[in-house]
Amino acid sequence: CTLLSSVGPGLDIAELCGGVARPTTLAIRRRLKAGQNFDLVTNVDLNKPSHHNLTRQYISNNQVMVVVMAPTCGPFGPMGKFNRAINPKSWERSYQLAAPHGRFCGEIARMQLRQGKHFICEQPLGSDLYHEHPLPQVLNHESVIVQRYGRCMAGLKAQFGPSKGTAI
């Protein structure tokens, strides 16, 4: 992993599973202090414990105010439930790939709460990711708000029409 020197305390945003880093791009346009995007596209594999440690250190050392997370939803969302029913072996492979970094996002959310910082975790409406440890504890934290929204407002379209989602 070719990560991650500290850039100094006081970052406004960093991303986990950020893909092409759209929130970071918007933050930069707004002149916010943006940090790393931890994703396969930046050579960070959040299924590797060594990358977990470096990511935790980076977020903590840089005092990231908001961590934006979009872990893989494949096995957890509505289509994943359908896939589990009709093709359990395929679903299991998908789950084994997605669950480790989904749970790690929960760990980062918990860390952010302990440090008095913030996070956003985006998933489709009804996602089973929120049943994975430690996310049930995160959801029960007094300062966590679950916001349901129409993802079509952000331009996302599903195969069968507008897409709905949640963010915590």
Quickly rank 110-116, 94-100 as a protection proxy: mean count of other C-beta atoms within 10 Å, highest first.
94-100, 110-116
Could you go through the range 110-120 in sequence order and give the Karplus-derived ³J(HN,Hα) for each residue, using 6.51 cos²θ - 1.76 cosθ + 1.60 with θ = phi - 60°, rounded to whole Hz, and x for Gly and Pro?
5, 4, 4, 4, 4, 8, x, 9, 10, 8, 10
Quick shape check on the range 1-81: root eigenvalues a ≥ b ≥ c of the Cα gyration tensor, a/c under 1.5 is rounded, otherwise prolate if a/b tops b/c, else oblate, and it reads oblate
Under the 7 Å Cα-to-Cβ spin-label approximation, Ile28 and Asn43 lie apart by a distance in nanometres of 1.8
List every residue whose amide H lies under 5 Å from the amide H of Phe119, counting only residues 5 or more places away in sequence or on a different chain, with H placed 1.01 Å from N in the peptide plane.
Val67
Take the Cα of Asn140, step 7 Å along the line toward its Cβ, and report every residue of the range 116-134 whose backbone nitrogen sits under 14 Å from that point.
131-134
Most packed first (mean Cβ within 10 Å per residue), the peptides 56-67, 126-137 order as 56-67, 126-137
Using the Karplus curve 6.51 cos²θ - 1.76 cosθ + 1.60 with θ = phi - 60°, what ³J(HN,Hα) values do you get for each residue of the range 85-96, in whole Hz, with x for Gly and Pro?
6, 9, 8, x, 5, 4, 4, 4, 4, 4, 4, 4
Using a 1.4 angstrom probe on heavy atoms only, work out the carbon and sulfur share of the accessible area of the range 1-89 in %.
55
Give the aspartates and glutamates reachable from Lys33 as a straight Cα distance under 15 Å; neighbours fewer than 8 places away on the same chain don't count.
Asp12, Glu15
Along Cα→Cβ, 7 Å out, is where each label goes; now give me the distance between the ones at Glu107 and Glu92 in nm to one decimal.
2.5
Neighbourhood net charge (15 Å Cβ-Cβ; Lys/Arg +1, Asp/Glu -1) for Tyr95:
+2
How long is the gain from Ser50 to Leu125 if the chain were fully straight, where each residue apart is worth 0.36 nm and the alpha carbon distance is subtracted?
23.9 nm
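The values are calculated or read from the model by the stated rules, or taken from the named source; none is laboratory data. Quantities reported herein were computed from a predicted structural model and do not represent experimental measurements. Every residue, glycine among them, receives a Cβ derived from its backbone with ideal geometry; neighbour counts consider all protein chains shown. Accessible surface is based on the protein model in full, side chains and every heavy atom, while ligands, DNA and RNA are left aside. Shrake-Rupley method; radii C 1.70, N 1.55, O 1.52, S 1.80 Å.
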